[in-house]
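Each remark here refers to the structure printed beneath this line.
Readers should treat all values here as calculations from the given coordinates under stated rules, not as data from a laboratory. What you see is a predicted model; the values in this text were computed from it and never measured. Using ideal geometry, Cβ is built from the backbone for each residue, glycine included, and neighbour counts are taken over all protein chains shown.
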Amino acid sequence: MFISILITIGIVAGIGGFLALLLIIAESTLANYGECTIMINEKKELKVKGGSSLLNILNNNKIFLSSACGGRGSCGFCKCKVIEGGGPLLPTETPFLEEDEKKNNVRLACQVKVKQDIKIKIPADIFAVQEFTGKVIKIQDLTYDIKEITIELTKPKEIEFQAGQFVQFVAPRYEKSRQPVTRAYSISSSPDNKDYIKLIIKKVPDGLCTTYIHEYLKEGDTVIFTGPFGDFIIKDTQNDMVFIAGGSGKAPIISMLEYLNTHGSKRRLVYFFGARTKKDLYLTELFEKLEKELKDFTYVPTLSQPEENSDWKGKTGYIMAYLKEYIKDGAETEAYLCGSPGMIDAVQKKLVAIKISEDNIFYDSFN
Amino acid sequence: MKQTPQEKKIQENMQPGVITLNGFLGNDNRHYQDIIDEDRRTLERLSITPGEIADRLQYFADLAWDSYDAPIIIDEFYQVEYKSYRGKIPCPFPHAGRYPKGTITLKNLNCGKEICWTPLNIHMIREHCFFEGKGSPHRIEPSEVMKILFK
């Protein structure tokens, strides 16, 4: 009796498995969706072979939606609006979508299979994003937990970006990571240098990508990134500019200041760099040089917890205490912030209190 | 142990190198559901709910957030420091929403004991009663939490 039950279960399981296998084979070999049209933003039309995911097809056509998991449906970054032809929403997508996104036809591009003509909507600036391959030509320790990486571009050989923008760096699968991971890092070099970029990267505890960069990446390695992204850029006015950034948040500020220097800016510029101790200061010589070269630039490094018996002669405490001293007219000032969310939140409140309009406070949320 | 595809996915997300470098299970070889069940029994014995613990963790996190990433003293004998980092991470339990990267370290100056948690920990405790596996860097031991956070 027991044996016959086992045999029956075995046969049913076997048939089920065989049918599932048959379906997979049929799907991959027999299913032919022919040529499909992807209409993007009601402007650009792509004729593609159906059968792959929307994310893959867009990538193959050099349209790079953000993705941190390589299309496995585990990061939820590759959202886009599918207006027509996307098929039903899948259970693999729903965990990543808010209710209003579901109502507005937002989908995960990696989970939408192109089987028919399809209409989608994506942000227009995505078209400027490219995938780059580069060679790491220099890795430099700037502090005990911050490195500067210089990447020479090999394909394509040049990049066009605006000072303040960021790229998405791809860390491959490595010893401590089960899959490639992608993270956003601001470019610290000037946009006038088109054949290489520099990134400034702080090690994040438990961080998959920063651990790769700090412990595994070597000079001579080939790396991949996409970009440029972001609207944290210099506004085209003659207002005074106040920069406030700590840690690796210095990266986009260097890019902006180098650009302003090269292009002969006459704007009044102040940069507050908040750090804990002298160990956290870096590239001080560069800012001293910029103070000499720029028409009106002041660098204000400030230590919140200088070591006892330190020979530090500069400002101490928090930069918020010094903002009013350096900002002449809040109405004529733009503030550019980059750093930890805690710092941005605290500084933003202080800037509003000293009459800088919220419309003139800029920072990158890396979304 | 038979698992649903959903449970398999959650167990996989908790491994090192998937969402975070060290994962969520530490050196605990138990299934995540067994960890939750045991911690839930501990909470019942202590007559406290996951929501109450999450509220207390959130209370310290909110006050420390306003100190601009510097250590502050809260309620006389809690030294708390919130270190925030750019970016957000998802929960290993699949659902919408991502949680800020950061660590909150609290030292009870009376007993000298210290615990460290993340914004994601607060969510996982409140919504999933998940305190992470033993040996995980952000494992919050329910019985210890009572001694450190409420006394």
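Here are a few things to note about the model shown:
- Rh (Kirkwood; distinct C-alpha pairs) - segment A:129-229, Å: 13.5
- Cα gyration tensor category, rounded, prolate or oblate, for segment A:35-126 with a/c compared to 1.5: rounded
- Gyration tensor over alpha-carbon atoms, segment A:240-363, equivalent ellipsoid semi-axes in Å: 21, 19, 13
- Estimated from helical segments only, the mean residue ellipticity of the protein assembly as shown at 222 nm is -8500 deg cm²/dmol, where each DSSP H run of four or more residues counts as -39500 (n - 2.57).
- Relative intensity, log₁₀ I(q)/I(0), of chain B from a Debye sum that treats every alpha carbon as a point, q = 0.14, 0.16 Å⁻¹: -0.68, -0.88
- By the count of other C-beta atoms within 10 Å, a proxy for reagent exposure, A:TYR318, A:TYR33 are ordered fewest to most as A:TYR33, A:TYR318.
- Each part reduced to its alpha carbon centroid, segment A:346-363 and segment A:102-125 end up 36 Å apart.
- For the protein assembly as shown, DSSP calls about 70 percent of its internal beta bridges antiparallel.
- Cross-link partners of B:LYS113 among lysines, defined as those whose alpha carbon lies under 20 angstrom from its own and excluding same-chain residues fewer than eight positions apart: B:LYS83, B:LYS134, B:LYS147, B:LYS151.
- Using C-alpha pairs below 8 Å separated by at least 6 residues, the relative contact order for chain A is 12 percent.
- Taking a ≥ b ≥ c as the square roots of the eigenvalues of the alpha-carbon gyration tensor, segment A:260-324 is classed prolate because a/c is 1.5 or more and a/b outweighs b/c.
- Counting charges near A:ILE234 (Lys, Arg +1; Asp, Glu -1) among other residues having Cβ under 15 Å from its Cβ returns a value of -3.
- The residues packed around A:LEU303, meaning those with a beta-carbon under 11 Å from its beta-carbon, carry a net charge of +3 if Lys and Arg are +1 and Asp and Glu are -1.
- Counted over all Cα-Cα pairs of the protein assembly as shown, pairs farther apart than 31 Å make up 55 percent.
- Near A:LYS79, once Lys and Arg are set to +1 and Asp and Glu to -1 for all other residues with Cβ below 13 Å from its Cβ, the sum equals +1.
- Shape of segment A:286-355, Cα gyration tensor, a/c cut at 1.5: oblate
- Cross-link pairs exceeding 19 Å between alpha carbons, from the set A:LYS79/A:LYS250; A:LYS79/A:LYS121; A:LYS278/A:LYS324; A:LYS62/A:LYS203; A:LYS202/A:LYS292: A:LYS79/A:LYS250; A:LYS278/A:LYS324; A:LYS62/A:LYS203; A:LYS202/A:LYS292.
- Rounded to the nearest 10 degrees, the inclination of helix A:284-293 to the longest alpha-carbon principal axis of chain A is 60 degrees.
- Which of B:ARG86, B:ARG139 has the fewest Cβ neighbours within 10 Å, and the rest in rising order: B:ARG139, B:ARG86
- Seen from a random direction on average, the alpha-carbon convex hull of segment B:86-151 projects onto 5.0 square nanometres.
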